[in-house]
1. Restricting to the stretch B:198-214, give me the number of residues that are within 14 Å of ligand 1 (Cβ to nearest atom) and over 17 Å from B:Asn240 (Cα atoms).
2. If the requirement is being facing another protein chain (nearest Cβ under 9 Å), open to solvent by 80 Å² or more (accessible area, probe 1.4 Å), touching a residue at least 12 places away in the same chain (Cβ under 8 Å) and not β-branched (Val, Ile, Thr), which of these qualifies: B:Arg39, B:Arg43?
3. Would you mind finding the one in B:Arg110, B:Arg98, B:Arg132 that is over 25 Å from B:His239 (Cβ atoms), at pLDDT 95 or above and of a type in the set (D, E, K, R)?
4. Among what's in the stretch B:121-148 and is within 12 Å of ligand 1 (Cβ to nearest atom) and away from every other protein chain (no Cβ under 12 Å), pick the residue that is farthest from B:His198 (Cα to Cα).
5. Among (1) within 14 Å of another protein chain (Cβ to nearest Cβ); (2) surrounded by fewer than 16 Cβ atoms within 10 Å (Cβ to Cβ), which single condition is B:Gly236 missing?
6. Which of the strands (runs of 3 or more DSSP E) contained wholly in the stretch A:38-121 include at least 1 residues that are charged (D, E, K, R) and more than 26 Å from B:Ile257 (Cβ to Cβ)?
7. Inside the stretch B:239-262, can you point out the residues that are open to solvent by less than 30 Å² (accessible area, probe 1.4 Å), touching a residue at least 12 places away in the same chain (Cβ under 8 Å) and in a loop (DSSP other than H, G, I, E, B)?
Amino acid sequence: MPLWLLATIVVVGLAAVALLTHLLGWSRARAFVDEAEAMRAWDREFSADPARRADLLPGGHAAVVHSVRGTGLVWTMGLDSTARPLEGARLQQTRRGLTIRFPDMAAPSVTLPLDPSERDDWHRRLQETLT
Amino acid sequence: MTDVSYPDVVTLAVPLFVAAILAEIVWIAVRGRDGHAGRYETRDALTSLLMGTGNVVSGLLLGFIAWGFFMMLWQITPLDLGTAWWVVVLCFVLDDLRYYWVHRFGHRIRWVWASHVNHHSSQHYNLTTALRQTWTGTFTFMMIVRAPLILLGFHPAMVLFVGGLNLIYQFWIHTEAIGRLPRWVEAVMNTPSHHRVHHGRNARYLDANYAGVFIVWDKLFGTFVAEDDREKVDYGLVHNLGTFNPLRVAFHEWVAIFRDVTRPGLTLRQRLMYAVAPPGWSHDGSRETSDQIKARHRAAPPGDAEGPGLARP
Ligand SMILES: [Zn+2]
Ligand SMILES: [Zn+2]
């Protein structure tokens with residue numbers, strides 16, 4: 001098969017999958033409905049360090065989790081979720097909200113969309129857990 | 001025998017891959033509203049497809065290294081089995097045994113896992129997951145495991161041809177749309193059910209079912225775990241990724257190895273272990289290997305502590 005034909009099939013295929021799944025509504029990001037769901041998502045990642053309490057962020061796309069050993073963040077990834085301890089993370093306020101950078105190539109950063117009014121409050125609360 | 005050549009079957013199969021993926025999407029949309037036929041998510045599927053594309057590109061760029069190595073072996077071996085059909089069949093079966101061991105090393109040696117991890121990095125299990133293939137396979141040096149085949153007299157072109165067929169076989173088993181197949185098929189062949197287990201991050205499903213085409217290798221070498229209807233497979237990594245960026249998916253574990261190996265204050269042995277010990281090994285016990293995860297689950301809740309995949313080694 002000539003390379004140009006292969007490349008065309010790949011590009012058309014990628015576009016078709018993107019369009020079709022998007023039109024079917026499968027690109028809508030999941031949101032945690034409550035603290036309990038966020039805690040279950042945390043426990044799924046860190047079953048050896050279960051969640052004791054969670055604070056859901058506005059919008060439900062992330063939650064700060066207080067576990068037995070420390071504090072972490074659990075957030076939605078597409079229809080699923082992942083989580084990381086907050087130890088070693090850096091915080092930065094951006095135009096869209098608050099960005100958390102992890103020292104982890106596989107989970108580099110999460111931006112929590114927050115209104116300007118909520119930003120300072122969450123920045124302070126997260127900073128407290130880091131120090 | 002100088003000009004042995006076979007079609008590049010993986011390239012030829014690409015249109016079929018695309019058609020089957022579109023068909024699976026339509027099938028799930030029509031039949032699987034409750035999720036039992038599978039799930040798709042746009043960014044996840046695109047990442048998988050870009051990983052597959054990158055795999056083909058990396059083959060075009062780096063394939064000459066493995067090919068050069070194989071041709072060198074072909075020059076030195078006095079054996080030549082020819083190209084009869086039964087030689088191709090034998091080559092296919094032996095290459096599937098080769099696949100089993102390369103795949104097992106891929107889960108038990110962090111250096112090889114750094115390449116293979118990306119195949120497991122989706123939390124979905126659909127036909128696009130099959131195409132989520134490595135870009136860095138050349139750097140694992142696992143082409144060495146193919147050396148015996150070539151030294152035995154199987155032509156390098158034949159070895160690559162049957163390897164391509166093996167990869168194509170594994171495409172269709174990456175689906176939740178197929179439940180169980182007839183008993184004899186499940187007994188001999190790698191199937192969607194067996195391979196779902198392999199993609200599971202549940203303690204009991206870790207490090208199981210390394211087979212490519214024939215599941216018999218797992219039964220022979222003690223790594224077979226059957227899908228348990230009481231424990232739904234949870235797909236993905238023990239610690240799931242927080243990125244859809246294909247570059248990060250392709251290279252994150254290599255970077256993590258580099259960071260661990262170059263940590264200050266480690267002994268030479270500890271540095272080596274960070275590169276070649278099973279994934280999750282750490283010098284201070286701060287992480288868990290799959291064996292330790294299984295041990296913790298054996299110890300934890302009653303009722304969960306028995307059965308296949310959690311039995312004491
Ligand atoms: Zn694997
Ligand atoms: Zn797979």
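The values are calculated or read from the model by the stated rules, or taken from the named source; none is laboratory data. The structure presented is a predicted model; accordingly, all values stated were derived computationally and were not measured. Every residue, glycine as well, gets a Cβ built from its backbone with ideal geometry; the counts of neighbours run over all protein chains shown. Surface areas here come from the heavy atoms of the whole protein model, side chains and all, with no ligands, DNA or RNA. Shrake-Rupley method; radii C 1.70, N 1.55, O 1.52, S 1.80 Å.
1. Number of matching residues: 5.
2. Details: B:Arg39 fails: open to solvent by 80 Å² or more (accessible area, probe 1.4 Å).
One residue alone meets the criteria, B:Arg43.
3. Working: B:Arg110 fails: over 25 Å from B:His239 (Cβ atoms); B:Arg132 fails: over 25 Å from B:His239 (Cβ atoms).
After applying the criteria, what remains is B:Arg98.
4. B:Thr134
5. Looking at each condition in turn, B:Gly236 falls short on (2).
6. A:51-56
7. B:Asn240, B:Leu241
Residue by residue, here is whether (1) more than 26 Å from B:Leu49 (Cα to Cα); (2) away from ligand 2 (no atom under 12 Å from the Cβ); (3) basic (Lys, Arg); (4) under 13 Å from the mean Cα position of the chain (by Cα) holds:
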residue	(1), (2), (3), (4)
B:Leu167	no, no, no, yes
B:His174	no, no, no, yes
B:Ala187	yes, yes, no, no
B:Gly200	no, no, no, yes
B:Arg204	yes, yes, yes, no
B:Pro246	no, yes, no, no
